[in-house]
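Have a look at the structure below, then the notes.
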Amino acid sequence: MLTLLAVRNVVLIKALELEFQGGLTVLTGETGAGKSILLDALGLALGARANFALIGTDDTSAEVTAIFNLAENHPVRDCLKNAGIPDQNEIILRRRLRDGKSAALINDTPVSLNIMRECGDLLVEIQGQFEGRGLLDVATHRTLLDRFGGHGDLVETCAGNWQAWQHANTAYQDAVTAREAAESNAEWLRDAVAQLDLLAPESGEENRLVAERQKLSNSTRIAEALGETQTHINGGGGDGGKDGGGAVDAVAHGLKIIARIQEYAGDGVDELLAALTRAEVELGEVERAITAAMDDLNADPNRLNVVDDRLHELRTQARKHQTTPDALPALHDDLRQQLASLEDQAGDLTRLAAARDETKAQYDATCAALSQARRDAASRLDGAIMGELPALKLEQARFKTTITPLPPEQHGQFGSDSIRFEASTNPDLPPAPIDQIASGGELARFLLALKVVLSDSAPPVSLIFDEVDAGIGGAVAASVGARLAQLGAKTQAIVITHSPQVAARGTQHYRITKATDQSATISTTTILSHDERIDELSRMLAGKSITIEARAAAQRLLEE
């Protein structure tokens with residue numbers, strides 16, 4: 001609820017603070033006194049675009065502050081939370097204009113104009129002859145109808161089913177795309193796996209082959225060294241001993257000599273005898289190792305060609321796949337898995353398609369149920385609005401909630417319907433969008449009828465009506481006043497009016513006046529007492545010359 005509006009240096013207003021209460025507040029005054037200035041000022045605090053022409057004459061800056069009390073569950077609290085603004089039991093919207101710059105603050109926190117406008121839309125709804133937001137915004141009509149119909153659970157179910165269908169459809173499309181990409185590469189994949197199957201690469205194989213190739217390439221030098229070593233061990237012409245014997249014969253001969261003296265030397269030669277025995281065994285191992293190495297060199301005369309061919313194939317496959325020979329085994333496993341996955345994808349696609357179709361069927365069923373609920377609600381809403389129109393001097397008018405099926409590509413989380421409020425004030429013309437009605441006064445009364453019917457399901461906002469009584473009087477004005485009072489009993493309502501029948505219904509009455517001195521014209525606003533209200537209503541009834549009859553009529557209006 002709006003509790004305070006403070007205005008500084010806005011057009012004719014030098015300094016003004018208006019305190020508001022619940023119920024119906026009326027603002028009256030002569031034409032040009034400054035009522036529209038108050039709306040312009042409030043608009044700045046609610047996030048309207050900066051209009052620097054609103055800065056008062058001879059002033060360099062302007063400031064507007066609007067303070068609201070917040071209910072515990074007010075939806076603007078979510079807006080504050082999302083914007084990182086401290087939440088408290090009241091919200092202070094402040095707008096400053098100075099030096100061609102506009103500053104917006106909420107609870108003393110600088111914010112963007114979009115955030116201020118978003119919060120403002122949740123706090124105040126201005127219904128006027130040329131107001132483009134609120135009920136005149138076709139984007140709000142679906143929400144208003146759904147609230148009136150009371151089928152919010154169905155709307156939530158529809159949104160949930162929509163999300164489920166979108167996720168299932170995305171999963172299916174991704175799988176189709178992946179399969180198509182794999183299919184386009186399937187022949188290459190099968191050939192690559194087949195070649196790697198034949199090659200059967202092993203981890204570390206390249207290093208082992210390089211080492212083997214180096215050995216085979218130097219086999220002649222290795223054989224010569226082995227032969228020479230064997231000669232020295234076994235004898236046969238080397239220079240290892242005077243008699244031409246090798247190391248094996250020398251150690252064996254030594255063993256025989258030491259064995260002959262062992263009985264004389266006793267324990268003194270045991271260690272030497274053991275060492276010579278070990279040397280004889282080791283030399284035997286060396287001899288066998290040399291023989292094995294020689295045999296290995298001569299085992300396969302074509303082994304070098306085999307190793308060269310294997311190295312060439314490994315490196316060729318590595319270059320083909322832009323990797324290293326050591327990485328080929330892992331690549332081989334990966335390609336085999338891709339091929340197996342390709343063969344398994346047909347079953348996955350079937351399962352994903354079934355999930356997609358099932359969630360789509362659930363969404364379509366919910367859309368159908370929601371559309372029917374909306375048609376039922378629209379019928380009740382149209383009947384209720386039509387019941388309000390005669391008393392508002394709109395006997396020939398028609399109101400219709402038009403529900404149009406959307407094309408499939410425009411279906412969404414809120415269902416498959418386009419919803420628009422339409423009206424006609426001429427029985428010879430078909431209903432048209434409500435925002436295209438030509439007469440401002442008629443439009444304002446249509447909006448009043450809508451607000452009265454929708455008030456029980458509307459969110460907690462402060463309603464402001466700008467001259468909703470334009471062009472009417474008498475019993476019709478009294479009917480308008482009664483409906484505004486009815487709204488004021490449910491939510492805060494503020495009305496700018498020229499009608500005494502409407503003004504008499506207010507629980508709070510402000511009078512706006514304009515005074516001119518030698519230097520400037522200033523607009524002021526005063527809250528009226530009971531007697532002052534009689535004077536103001538008398539002026540509204542009779543003009544400047546207030547008669548006894550006018551005062552009596554004003555008294556009766558207040559008593560009623």
Taking the options Leu24, Leu42, name whichever one is open to solvent by less than 10 Å² (accessible area, probe 1.4 Å), touching a helix residue (DSSP H, G or I) at 6+ places or on another chain (Cβ under 7 Å) and closer than 20 Å to Leu122 by Cα.
Leu24
Answer yes or no: is there a residue in region 263-282 that is of a type in the set (A, V, I, L, M, F, W, C) and in contact (Cβ under 8 Å) with a residue 40 or more places away in the chain.
no
If you take the residues of region 323-356 that are among the polar types (S, T, N, Q) and more than 19 Å from Ala194 (Cβ to Cβ), which of them is least open to solvent (accessible area, probe 1.4 Å)?
Gln345
Say whether the condition of being farther than 16 Å from Val476 by Cβ, in contact with a Gly (Cβ under 6 Å, 6 or more places away or on another chain) and among the aliphatic types (A, V, I, L, M) is met by at least one residue in region 377-399.
yes
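Restricting attention to region 215-233, does a residue exist that is closer than 30 Å to His321 by Cα and either touching an Asp or Glu at 6+ places or on another chain (Cβ under 6 Å) or not aliphatic (A, V, I, L, M) (or both)?
Yes; the residues of region 215-233 include at least one that is closer than 30 Å to His321 by Cα and either touching an Asp or Glu at 6+ places or on another chain (Cβ under 6 Å) or not aliphatic (A, V, I, L, M) (or both).
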Being within 30 Å of Ala365 (Cβ to Cβ) and either over 36 Å from the mean Cα position of the chain (by Cα) or open to solvent by 20 Å² or more (accessible area, probe 1.4 Å) (or both) is true for just one of Phe399, Phe421, Phe414. Which residue is that?
Phe414
If you go through region 147-183, how many residues are crowded, with 17+ Cβ neighbours inside 10 Å and outside any helix (DSSP H, G or I)?
1
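Considering region 252-279 alone, what residues qualify as being charged (D, E, K, R) and open to solvent by less than 80 Å² (accessible area, probe 1.4 Å)? If you could, list the steps in order and put the result at the bottom.
Filtering region 252-279 down to residues charged (D, E, K, R) leaves 256, 260, 263, 267, 270-271, 278.
Asp270, the sole residue that qualifies.
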Of the candidates Thr366, Thr359, Thr404, the one satisfying the condition of being loosely packed, with under 15 Cβ neighbours inside 10 Å, among the β-branched types (Val, Ile, Thr), at negative phi and modelled with pLDDT of 90 or more is Thr404
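Are any residues in region 184-209 open to solvent by 30 Å² or more (accessible area, probe 1.4 Å) and among the small types (Gly, Ala, Ser), and if so, which ones?
So the first thing to find is which residues in region 184-209 are open to solvent by 30 Å² or more (accessible area, probe 1.4 Å), and the list is 184-185, 187-188, 190-191, 194-195, 197-198, 200, 202-203, 206-208.
Of everything in region 184-209, those that are open to solvent by 30 Å² or more (accessible area, probe 1.4 Å) and among the small types (Gly, Ala, Ser) turn out to be Ser184, Ala194, Ala200, Ser203.
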Does Asn234 qualify as being without any contact (Cβ under 8 Å) to a residue 24 or more places away in the chain, closer than 21 Å to Ala292 by Cβ and not basic (Lys, Arg)?
no
For region 258-301, how many residues are in a helix (DSSP H, G or I), under 30 Å from Ala225 (Cα atoms) and not small (Gly, Ala, Ser)?
18
Checked against (1) over 30 Å from Cys158 (Cβ atoms); (2) assigned to a helix (DSSP H, G or I); (3) in contact (Cβ under 8 Å) with a residue 60 or more places away in the chain, Ile472 satisfies every condition except (2)
Top-ranked residue of region 242-251 - restricted to ones that are more than 15 Å from Thr291 (Cα to Cα) and open to solvent by 30 Å² or more (accessible area, probe 1.4 Å), ranked as modelled with the lowest pLDDT
Lys242
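Taking the condition out of contact with any helix residue (DSSP H, G or I) (no Cβ under 7 Å at 6 or more places or on another chain), among the aliphatic types (A, V, I, L, M), at pLDDT 85 or above and farther than 27 Å from Leu154 by Cβ, does Ala482 pass? Break it down into steps so the answer makes sense when it comes.
Numbers: out of contact with any helix residue (DSSP H, G or I) (no Cβ under 7 Å at 6 or more places or on another chain): yes; among the aliphatic types (A, V, I, L, M): yes; at pLDDT 85 or above: yes; farther than 27 Å from Leu154 by Cβ: yes.
Taking the combined requirement at face value, the residue satisfies it.
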Residue check, Glu532 against (1) within 24 Å of Val124 (Cα to Cα); (2) of a type in the set (D, E, K, R); (3) not in a loop (DSSP other than H, G, I, E, B), all met but one. Which one?
(1)
Only one of Asp456, Asp435 is open to solvent by 10 Å² or more (accessible area, probe 1.4 Å), touching a residue at least 12 places away in the same chain (Cβ under 8 Å) and more than 23 Å from Met1 (Cα to Cα); which?
Asp435
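For the condition more than 30 Å from Val452 (Cα to Cα) and either in contact with a Gly (Cβ under 7 Å, 6 or more places away or on another chain) or in a helix (DSSP H, G or I) (or both), what is the one hit in Gln195, Gln127? Give the derivation first.
Working: Gln127 fails: more than 30 Å from Val452 (Cα to Cα).
That would be Gln195, the only listed residue that is more than 30 Å from Val452 (Cα to Cα) and either in contact with a Gly (Cβ under 7 Å, 6 or more places away or on another chain) or in a helix (DSSP H, G or I) (or both).
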Which condition number in (1) open to solvent by 70 Å² or more (accessible area, probe 1.4 Å); (2) over 17 Å from Leu2 (Cβ atoms); (3) outside any strand (DSSP E or B) is the one that Lys490 fails?
(2)
Does any residue of region 516-533 turn out to be modelled with pLDDT of 90 or more and crowded, with 21+ Cβ neighbours inside 10 Å?
yes
For Gln317, only one of the following conditions fails: (1) free of Cβ contacts under 8 Å to residues at least 24 places away in the same chain; (2) of a type in the set (S, T, N, Q); (3) closer than 22 Å to Leu209 by Cβ. What is its number?
(1)
Per the filter on region 51-103, residues touching a residue at least 60 places away in the same chain (Cβ under 8 Å) and open to solvent by 20 Å² or more (accessible area, probe 1.4 Å) are Thr57, Asp58, Ile67, Asn69, Ala71, Pro75, Glu90
Enumeration of residues in region 104-125 that are among the polar types (S, T, N, Q) and open to solvent by less than 70 Å² (accessible area, probe 1.4 Å)
Asn107, Thr109, Ser112
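The values are calculated or read from the model by the stated rules, or taken from the named source; none is laboratory data. Everything quoted here is computed from the prediction, not taken from an experiment. Here Cβ is always computed from backbone atoms with ideal geometry, including for glycine, and neighbour counts include all displayed protein chains. We work out accessible area using only protein heavy atoms, side chains counted, and drop any ligands, DNA or RNA first. Shrake-Rupley method; radii C 1.70, N 1.55, O 1.52, S 1.80 Å.
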